[in-house]
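The values are calculated or read from the model by the stated rules, or taken from the named source; none is laboratory data. None of the values given here were measured: they were computed from a predicted structure. FYI the Cβ positions are ideal-geometry reconstructions off the backbone, even for glycines, and counts take in every protein chain you see. In case anyone asks, the SASA skips ligands and DNA or RNA and just uses the protein heavy atoms, side chains included. Shrake-Rupley method; radii C 1.70, N 1.55, O 1.52, S 1.80 Å.
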Amino acid sequence: MRIIAGEARGVRLAPVPEGVRPTSDRVREAIFNSLGQFFDGGEVLDLYAGTGALGIEALSRGCEKTTFVEKNGRAVGVVRQNLTRAGFAEKGEVLRGDVTQTIGRLVAGRRRYDLIFADPPYRIPPRETEGVLGCLAALLAPGGRVVVESGDPLAETIDNLKGVSRRYGDTVVTFLERSKHAMKVAICPGSFDPITTGHLDIIRRAAKIYDHVVVAVGANLRKQPRLPAKERAQLIEKVTAGFENVSVEVMEGLLVAFAREQGARSVVKGLRAVSDFESEFEQAQLNRTLYPEFETVFIMAAAEHSFLSSSAVREIASYGGDVRELVPEEIQETVQRLYDTSADGQADASDKG
Ligand code: PNS
């Protein structure tokens, strides 16, 4: 067996250890013909790696890094040997262990891969393979693909992965990617200090457009929140309890990291007036720099909410004023109580929150 193309073209691979069924050169070539011959970077996960030929072929063709997972100790040694032979020792991470358990750890570590190979021993029943594949969606980077080898055809839709199968002799190769009809998830982020009827209107309207909306209670470093994030989230949970496709989370860190973690490619924000535009435009541009596939979608606030802001609610409540009409009914009393600081003048009226 040799590396077929790319930087390490022609490198002869170490002998195949007993008990390992390597992907033949013909099938390997067919796989890369289907994937596109060469790559411009990208991370690869090679499950049931065997000799590591698939993951090393991907490195040779331009991928940046490959993580190999293999249980058989002798095969692990062969993968390392092959990486060295091909000159890619620095680009390979070899994990010895059970594939299902290792996948769990990779998911918990929020790893993402552009290309995932899975070549399980044919004696593993297709159902088990499909179980492993069901977890792989969580490891796929946007636009990523999964390539599975099997003896029998697999289901062509597995969770939200959808694919096509091709037979090469006694090997069936299934190419899967996220279904075009996969759930569309959006994030509605904000400080929500506290949530207003205007915010709730935007969340309600976003929930009509998307399959699922995650309301993310985040930290705006330009503001000092009056309530801890957890309490702000509890208020939102109360007013969104009746929405089936809305969940609430405290967001720590960057919005783009949170969005990736939630499988969301859109952020939805409300725009009240031109004065909101400048800061929203800046945030949208920065977020796109950090996560190019990420889109910011603006929903125009209803006219009756154009004057409404969390800072106004905080200020009115802090003087013991009436916040009815400004915050959802279910939390009026709580907001009135929690934000009434007996006119200590701490409310920051400069933000638009
Ligand atoms: O209601 P706000 O205060 O306008 O919400 C702002 C928020 C929390 C959405 C924004 O500050 C944010 O996304 N914070 C998370 C940290 C982050 O990603 N910052 C970079 C954005 S440019």
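Just want to confirm a number: the relative contact order over the chain, from Cα pairs under 8 angstrom separated by 6+ residues, in percent.
11
Local charge sum around residue 14 (other residues, Cβ-Cβ under 10 Å, Lys/Arg +1, Asp/Glu -1)?
+3
Give the accessible area for residue 193 in Å² (nearest 10); use a 1.4 Å probe, count only protein heavy atoms, and leave out ligands, DNA and RNA.
Residue 193 has an accessible surface of roughly 10 Å² with all protein chains in place.
Among DSSP bridges having both ends in the chain, what percentage is antiparallel? Round to the nearest 5.
30
Could you report the accessible area of residue 278 in Å², rounded to 10, computed with a 1.4 Å probe on the protein chains as they sit in the structure?
Estimated to the nearest 10 Å², residue 278 gives 140 Å².
Roughly how tilted is helix 229-240, in degrees to the nearest 10 and between 0 and 90, from the longest Cα axis of the chain?
Taking the Cα atoms of the chain, the angle to 229-240 is about 80 degrees.
For the range 158-244, give the share of DSSP beta bridges that are antiparallel, in percent and rounded to the nearest 5; count only bridges with both residues there.
The answer is about 60 percent antiparallel.
How would 4, 195 rank on accessible area, largest to smallest, probe 1.4 Å?
Heavy-atom accessible area, descending, gives 4, 195.
Ratio of Rg to Rh for the chain, alpha carbon only, Kirkwood?
That ratio is 1.12, to two decimals.
Express in Å², to the nearest 10, the accessible area of residue 170 obtained by rolling a 1.4 Å probe over the protein heavy atoms while all chains stay in place.
Probe radius 1.4 Å; accessible area of residue 170 about 110 Å².
For the chain, find the longest principal axis of its Cα atoms and tell me its angle to the long axis of helix 274-290, 0 to 90°, nearest 10.
Approximately 20 degrees, to the nearest ten.
Using Cα pairs under 8 angstrom and six or more residues apart, how large is the relative contact order of the range 207-282, in percent?
33
Using a cut-off of 13 Å between beta-carbons, work out the net charge of the residues near residue 325 (Lys and Arg +1, Asp and Glu -1, residue 325 not included).
-3
In what order, largest first, do 88, 281 sit by accessible area if the probe radius is 1.4 Å?
Sorted by accessible area, descending: 281, 88.
Answer rounded, prolate or oblate for the range 196-353, using the Cα gyration tensor with square roots of eigenvalues a ≥ b ≥ c: rounded when a/c is under 1.5, else prolate when a/b is larger than b/c, else oblate.
prolate
Treat every Asp and Glu Cβ in the chain as -1 and every Lys and Arg Cβ as +1, leave all other atoms uncharged, and give the resulting dipole magnitude about the Cα centre to the nearest 20 debye.
Its charge dipole is roughly 1380 debye.
Which entries of 184/223; 65/162; 184/269; 208/269 have Cα-Cα distances beyond 20 Å here?
184/223; 65/162
What Kirkwood hydrodynamic radius, in Å, does the range 186-276 give when the mean of 1/r is taken over all pairs of distinct Cα atoms and then inverted?
For the range 186-276, the Kirkwood estimate is 13.3 Å.
When the helices in the chain are scored as -39500 (n - 2.57) per DSSP H run of 4 or longer and the sum is shared across all residues, what 222 nm value do you end up with, to the nearest 500 deg cm²/dmol?
Calculated from helices alone, the mean residue ellipticity at 222 nm is -10500 deg cm²/dmol.
Please give, to one decimal in nm, the separation of the simple spin-label points placed at residue 332 and residue 98, each 7 Å out from Cα toward the Cβ.
5.7
Reachable aspartates and glutamates from residue 230, Cα under 17 Å, same-chain residues fewer than 8 places away excluded?
193, 249, 252
Mind checking the full-extension length gain between residue 278 and residue 290? Use 0.36 nm per residue of separation minus the Cα-Cα distance, one decimal, nm.
2.4 nm
Does the range 82-228 come out rounded, prolate or oblate by the C-alpha gyration tensor, with a ≥ b ≥ c the root eigenvalues, rounded set by a/c under 1.5 and, if not, prolate when a/b is larger than b/c and oblate if not?
Prolate, because a/c is 1.5 or more and a/b exceeds b/c.
Could you tell me which of 151, 294, 68 has its Cα farthest along the dipole of the chain towards the positive end, charges placed at Cβ (Lys, Arg +1; Asp, Glu -1), taken about the Cα centre?
Farthest towards the positive end: 151.
According to the square roots a ≥ b ≥ c of the eigenvalues of the Cα gyration tensor, what is the shape class of the range 1-116, taking rounded for a/c under 1.5, prolate for a/b larger than b/c otherwise, and oblate for the remainder?
Since a/c reaches 1.5 but b/c is at least a/b, the shape of the range 1-116 is classed as oblate.
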